[in-house]
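Working notes for the structure below.
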Amino acid sequence: MGKVREPFEDLGDTLTEEDLTIGNLMRRFQNHLKRNREWLLRDAPRRKDLRIFEAVYHFALYRYLCDFLGTKYARVWPEFPTGNGKIDLIIEYADQTYALELKSYTDERGYNEALGQAAGYGKQLGLSEVSLVFFVECIDDANREKYEKTYTDGETGVRVRPVFVD
């Protein structure tokens, strides 16, 4: 993955002894991807429309989280195989469980379906909140503001926090 952070970098907006802020962690991952895109994604397999397969981002994020969080205070594991009705990534940190559902953004309909799916996974895990991470080619500030709003599922009561990584 290359260097994921500087030795004396202030991580207070993302990581404290008691909490992990997933949105800020995803911003750090996004910045890492932008800095290292040329070599990190150079040979990535692509779909017929030339977009990178979603699984590439899954594995890149998993590896990044393992390297960024380390193994002394955190545990990160994927729920494989995908498509089996399980959340994609789970992080245990500071006696808390964080669940991340990962998707490639396609359109608003898929976005809305993913909100309900993520809420269902949260309920299965007994969590009150999950993060829904969308990989997208690009997103402007107006759409980021529109789509990165916390959603509370009426049926499950689970809060879903969408975050976009471009």
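What follows is calculated from the coordinates using simple rules that are stated; it is not laboratory data. What you see is a predicted model, and the numbers here were worked out from it, not measured in a lab. Backbone-built Cβ (ideal geometry, glycine too); neighbour counts: all protein chains shown.
Structure above, values below:
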read-out: Förster radius 30 Å - calculated FRET efficiency between Arg27 and Glu113, Cβ distance, rounded to 0.05; value: 0.75
read-out: Value of [θ]222 nm, deg cm²/dmol, for the chain, DSSP H segments ≥ 4, -39500 (n - 2.57) each, nearest 500; value: -12000 deg cm²/dmol
read-out: Efficiency of FRET from Cβ geometry, Arg35 and Val136, R₀ 22 Å, rounded to 0.05; value: 0.75
read-out: Using θ = phi - 60° and Karplus 6.51 cos²θ - 1.76 cosθ + 1.60, couplings along the range 23-36 (whole Hz; Gly, Pro as x); value: x, 5, 4, 5, 5, 5, 5, 4, 5, 4, 4, 5, 5, 10
read-out: Gyration tensor (alpha-carbon) shape descriptor, the range 1-151, a/c threshold 1.5; value: rounded
read-out: Contour minus Cα-Cα distance for Lys86 and Lys48 (0.36 nm per residue); value: 11.0 nm
read-out: C-alpha center-to-center spacing [the range 42-61, the range 97-132] in angstrom; value: 21
read-out: Percent RCO, i.e. relative contact order, over the chain, from Cα pairs under 8 Å lying at least 6 residues apart; value: 18
